[in-house]
1. Any idea which of (1) touching a residue at least 12 places away in the same chain (Cβ under 8 Å); (2) out of contact with any strand residue (DSSP E or B) (no Cβ under 9 Å at 6 or more places or on another chain); (3) within 23 Å of residue 20 (Cα to Cα) is the one residue 74 doesn't satisfy?
2. Against the conditions (1) surrounded by fewer than 21 Cβ atoms within 10 Å (Cβ to Cβ); (2) closer than 15 Å to residue 5 by Cβ; (3) in contact (Cβ under 8 Å) with a residue 60 or more places away in the chain, where does residue 181 fall short? Just the number, please.
3. Could you grab me the full set of residues in segment 154-164 that are free of Cβ contacts under 8 Å to residues at least 40 places away in the same chain and crowded, with 18+ Cβ neighbours inside 10 Å?
4. Looking at (1) in the same structural domain as residue 233 (by TED's automatic domain parsing); (2) under 28 Å from residue 60 (Cα atoms); (3) part of a helix (DSSP H, G or I); (4) touching a helix residue (DSSP H, G or I) at 6+ places or on another chain (Cβ under 6 Å), can you tell me which one residue 169 breaks?
5. Keeping to segment 121-153, report how many residues are surrounded by fewer than 18 Cβ atoms within 10 Å (Cβ to Cβ), part of a strand (DSSP E or B) and in contact (Cβ under 8 Å) with a residue 40 or more places away in the chain.
6. Return yes or no: is residue 88 modelled with pLDDT of 95 or more and either more than 30 Å from residue 237 (Cβ to Cβ) or surrounded by fewer than 19 Cβ atoms within 10 Å (Cβ to Cβ) (or both)?
7. Within segment 52-63, track down each residue that is more than 16 Å from the chain's Cα centre (by Cα) and within 15 Å of residue 156 (Cβ to Cβ).
8. In segment 194-238, how many are within 19 Å of the chain's Cα centre (by Cα), assigned to a loop (DSSP other than H, G, I, E, B) and in contact (Cβ under 8 Å) with a residue 12 or more places away in the chain?
C-alpha cells in the first residue's frame, strides 16, 4: 500500500511566524505606520483568535482579513484613516509569499522520507491563502518534494471539517487507511484527522499531552523531525 502523508504547513514545516513578522513590518512601515515587537505580538494574538473563529464558521475570510488590519491600525502610531484594511491585507499576503522560512530540519526530513522509506506521497494540507502558501513553499525549495497542495481558500472549506479531508481523498484517489495526518494544531489538524477517521501524528506537542491524545484520538506524537521520521518509517514498514 502506498502511504499518503498529509502534512500541515505552518509550524509543521514552515515557520509561519517568522514570515509573518517580516511581512507585517514591511507593509505597516510602507504605509507610514509604526512597527515593533509589541505590535507584532498584538497582531499575532488577535489573528490566532480570528482563525479559530473561521475554523468554527463564525466569520468569513474577508471578515477575518478586514478585522485583523482594522484592529492593528488602531494600535499603531501614524495616520491610518485613508488605508483600506483589505488592500493592506493583500499587500501583506503578497509580501509573506515572498518570504518563506523553513523550520530547522524540515526540508531534510521531507527529503529523507521521499528517499528512504519509499512508497509514499507527500501532500500539504493547509488553511490559508493560496498565493501565500504557494509562494512560501516555492521560495524554500519545499515544492521539489511534495506531490500536491490543498489550500482551504481553493477548496471552499477549512480544516478540521471532514468535508475538507473527503475532498483531499477524492482528489488523490486514496483510502482513509493509507493517509497519515501530520500537524501541530489540535483544533485544526488533530481534530480534522479525528473527524476524517485518519491516523494522526501530533508534531511538537505542548501542554497536557495525555489528555489531548485521548480527546482527539491521536495515534502518535513526535517532538522532533528525527522522531517523526522514525514513526513514519515504522508505520510504513509494519
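1. Going through the list (1) touching a residue at least 12 places away in the same chain (Cβ under 8 Å); (2) out of contact with any strand residue (DSSP E or B) (no Cβ under 9 Å at 6 or more places or on another chain); (3) within 23 Å of residue 20 (Cα to Cα), residue 74 breaks only (1).
2. (1)
3. Start the filter on segment 154-164 by keeping residues that are free of Cβ contacts under 8 Å to residues at least 40 places away in the same chain, which leaves 154-157, 161-164.
Within segment 154-164, 155, 161, 164 qualify.
4. Looking at each condition in turn, residue 169 falls short on (4).
5. 1
6. On the way: modelled with pLDDT of 95 or more: yes; either more than 30 Å from residue 237 (Cβ to Cβ) or surrounded by fewer than 19 Cβ atoms within 10 Å (Cβ to Cβ) (or both): yes.
For residue 88, the condition - modelled with pLDDT of 95 or more and either more than 30 Å from residue 237 (Cβ to Cβ) or surrounded by fewer than 19 Cβ atoms within 10 Å (Cβ to Cβ) (or both) - is met.
7. Within segment 52-63, 57, 60, 62 meet the criteria.
8. 6
The values are calculated or read from the model by the stated rules, or taken from the named source; none is laboratory data. The shown structure was predicted, so the numbers you read here are calculated from the model rather than taken from an experiment. Virtual Cβ from ideal backbone geometry, glycine too; neighbours counted across all protein chains shown.
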